[in-house]
Amino acid sequence: MHPFSYTKAADTREALDAGRAGGRYIAGGTTLVDLMRETVERPHTLVDISALPLREITVTRRGGLRIGALVRMSQAAAHRGVRALFPVISQALELSASAQLRNMATIGGNIMQRTRCTYFRDVTAACNKREPGSGCAALHGVNRTHAILGTSDDCVATHPSDVAVAFTALEATVHLLGPDGERTVPFADFLLKPGSTPHREQALRRGELITAVEIPALPRPLKSGYLKVRDRQSYEFALTSAAVALHISGGVIHEAKVAAGGVGTVPWKLPAVERELIGRRPSDALWAKAAERAAEGARPLEHNGFKVELLKRTVERQLRVVGGGK
Amino acid sequence: MSTELPESPPAPPEVSQDASSSAPSRRTFIATTAVGGAVVAGGLIAGPSVFGAEPAEAVDAPPSSRVSLTVNGERRTVTVDNRTSLLDLVREHLGLTGSKKGCNAGACGACTVLVDGRRVNSCLTLAVRLEGAEVITIEGLSKGERLHPLQQAFIDQDAFQCGYCTSGQIMSGVGCIDEGHTGSPEEIREFMSGNICRCGAYVKIVRAVEQAAHGN
């Protein structure tokens with residue numbers, strides 16, 4: 001690990017000043033400290049933001065949710081409002097990492113976490129994300145766990161977060177605070193596809209802080225849930241996953257929010273699947289027909305072709321779990 | 001697995017130039033080198049360094065900080081290299097070697113301790129961030145000679161073989177019980193999945209957590 005200076009921000013102003021000066025924010029630190037030890041991350045200054053007042057979870061007036069950036073994963077997962085309103089969020093969180101890591105990692109840090117691509121973590125390998133212009137060792141390497149959607153010739157790494165898949169499905173917004181004030185960014189625009197600049201991962205400006213993630217209110221009743229498929233039963237990143245939320249009223253699906261994880265360079269929204277569902281009656285045939293569209297545009301690599309079919313089946317199964325079978 | 005106290009091979013002032021022939025034991029070596037930031041500068045000059053690309057900067061001692069925290073009920077104030085993990089702090093500065101270093105990457109759980117009542121991976125926790133924190137390690141679990149119920153349960157259930165993961169398993173189990181995730185063997189397995197046991201003692205570990213949680 002390279003040496004670094006450490007400062008703890010007493011308030012938001014101090015944090016922003018240190019951030020503007022080039023300091024790196026640290027919240028839970030579970031990704032950052034790990035990557036610093038691997039020398040993938042080499043910040044010269046860490047700005048500890050754990051004292052900032054960003055630990056609230058509030059239910060918004062219309063039944064949405066605002067989760068402060070420093071809320072720990074375990075707190076958000078256990079929160080009664082989260083569990084009652086959006087089980088897809090609590091399930092995605094509880095299927096992530098381990099109990100110890102969930103006690104440390106925060107919601108803001110979770111959506112900032114970096115890929116688990118082994119070449120990214122290995123400083124001797126070519127990686128455009130870590131070292132722009134050095135190439136992509138995964139493209140023709142051991143790429144079984146890599147992305148099939150949103151890839152480029154420069155990067156095929158997946159985004160590892162589970163809860164970000166739920167946020168994507170639910171069309172969350174990210175609240176940001178920077179030297180120039182507050183702004184909000186739709187979740188879909190917050191995480192960036194690699195394109196030719198895979199080292200740029202979030203739509204953050206210099207010194208900007210995430211303050212909260214907000215989930216918009218959705219019509220009720222709303223059923224939702226998260227399915228994660230992986231190489232071992234627990235404590236593992238997704239091969240594929242599906243976040244599903246459905247508003248069914250009078251036997252008809254009026255709202256459908258669907259996204260997939262483990263398959264995209266960013267959490268992958270599935271608008272084609274959603275369109276198949278809206279206005280129709282739940283049935284096993286409908287789930288299968290809609291899920292057939294889940295992998296549209298997929299570009300499998302040498303070792304991850306299985307993800308195309310696995311993705312469709314993951315989506316189909318979770319549609320049935322949430323929407324009911326007939 | 002190296003510690004980060006300091007990371008580069010140091011030549012501490014306490015050890016004279018010809019001391020290399022006296023072959024200190026691993027633990028004496030680490031203990032000697034872990035005394036404080038002041039010894040580090042010499043080490044950076046002496047040995048091959050990960051900072052070799054910036055020799056001009058490397059002669060400066062790496063930034064360190066003073067931190068006061070409570071470990072097993074005892075107030076401790078230490079000055080640490082900012083890179084020091086809580087795991088290295090308790091093992092190398094405080095001599096509490098019950099917490100183990102398995103992966104040093106948050107993947108195995110051998111280093112699990114309680115910080116302010118929550119189970120965490122001490123290898124991914126920077127000590128410098130723990131001002132005012134209350135840390136409990138495996139050494140702080142028993143009340144004198146009286147073992148914590150989960151320690152006793154691990155003995156009763158024979159829930160280990162080599163024992164390397166055991167202190168982490170027990171600390172994690174204490175957290176798991178406090179969190180109330182012991183409703184079924186399946187729930188215990190899920191909420192203990194952050195602790196790897198290479199001997200494969202999982203069945204008995206689950207029984208031990210059940211015993212301590214439900215007294216059966």
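Listing for the model above:
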| read-out | value |
| --- | --- |
| Residue list for the range B:62-101, filter: without any contact (Cβ under 8 Å) to a residue 12 or more places away in the chain, over 26 Å from A:Thr45 (Cα atoms) and either in contact with a strand residue (DSSP E or B) (Cβ under 9 Å, 6 or more places away or on another chain) or of a type in the set (Phe, Trp, Tyr) (or both) | B:Arg75 |
| Residue check for B:Asn216: more than 21 Å from A:Leu95 (Cβ to Cβ), modelled with pLDDT under 95 and in a loop (DSSP other than H, G, I, E, B) | yes |
| Residue ranges of strands (runs of 3 or more DSSP E) in the range A:1-76 with at least 3 members within 30 Å of A:Ala217 (Cα to Cα) and more than 14 Å from every other protein chain (Cβ to nearest Cβ) | A:57-59, A:65-68 |
| Among the residues listed as B:Thr125, B:Thr182, the single one being within 14 Å of chain A (Cβ to nearest Cβ), farther than 25 Å from B:Leu86 by Cα and of a type in the set (S, T, N, Q) | B:Thr182 |
| Qualifying residue in the range B:166-185 (condition: closer than 22 Å to B:Thr97 by Cβ and free of Cβ contacts under 8 Å to residues at least 12 places away in the same chain) | no |
| Some residue of the range A:289-296 being closer than 24 Å to A:Thr197 by Cα and touching a Phe, Trp or Tyr at 6+ places or on another chain (Cβ under 6 Å) | no |
| Within the range A:102-120, considering residues that are hydrophobic (A, V, I, L, M, F, W, C) and either in a helix (DSSP H, G or I) or free of Cβ contacts under 8 Å to residues at least 40 places away in the same chain (or both), the one nearest to the other protein chains (Cβ to nearest Cβ) | A:Met104 |
| Answer residue from the range B:132-174, given it is surrounded by 15 or more Cβ atoms within 10 Å (Cβ to Cβ) and of a type in the set (Asp, Glu) and is nearest to the other protein chains (Cβ to nearest Cβ) among those | B:Glu134 |
| Residue match in the range A:258-277 (condition: surrounded by fewer than 16 Cβ atoms within 10 Å (Cβ to Cβ) and over 24 Å from the mean Cα position of the chain (by Cα)) | no |
| Single unsatisfied condition, A:Gly195 versus (1) over 21 Å from A:Thr60 (Cα atoms); (2) touching a Ser or Thr at 6+ places or on another chain (Cβ under 7 Å); (3) surrounded by 15 or more Cβ atoms within 10 Å (Cβ to Cβ) | (3) |
| Strands (runs of 3 or more DSSP E) within the range B:100-166 that include 2 or more residues of a type in the set (Val, Ile, Thr) | B:112-115, B:134-136 |
| Counted residues, the range A:278-315 - those being under 16 Å from A:Ala238 (Cβ atoms) and surrounded by 20 or more Cβ atoms within 10 Å (Cβ to Cβ) | 9 |
| The range A:80-101: number of residues that are within 14 Å of chain B (Cβ to nearest Cβ) and not in a helix (DSSP H, G or I) | 4 |
| All positions within the range A:162-198 that are in contact with a helix residue (DSSP H, G or I) (Cβ under 8 Å, 6 or more places away or on another chain) and in a strand (DSSP E or B) | A:Thr173, A:Val174, A:Leu177, A:Gly178, A:Leu191 |
| Selection count, the range A:17-34, where residues are within 26 Å of the chain's Cα centre (by Cα), buried (at least 21 other Cβ atoms within 10 Å of the Cβ) and either farther than 13 Å from A:Met112 by Cβ or not polar (S, T, N, Q) (or both) | 10 |
| Elements of type strands (runs of 3 or more DSSP E) in the range A:206-277, at least 3 residues being under 30 Å from A:Ile49 (Cα atoms) and in contact with a Gly (Cβ under 8 Å, 6 or more places away or on another chain) | A:209-215 |
| Subset of the range A:152-161 (residues that are of a type in the set (Ser, Thr, Tyr) and under 16 Å from A:Phe306 (Cβ atoms)) | A:Thr158 |
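The values are calculated or read from the model by the stated rules, or taken from the named source; none is laboratory data. Worth saying up front: this structure is predicted, and the values here are computed from it rather than measured. Positions of Cβ are generated from backbone atoms using ideal geometry, with glycine treated the same way; all protein chains shown enter the neighbour counts.
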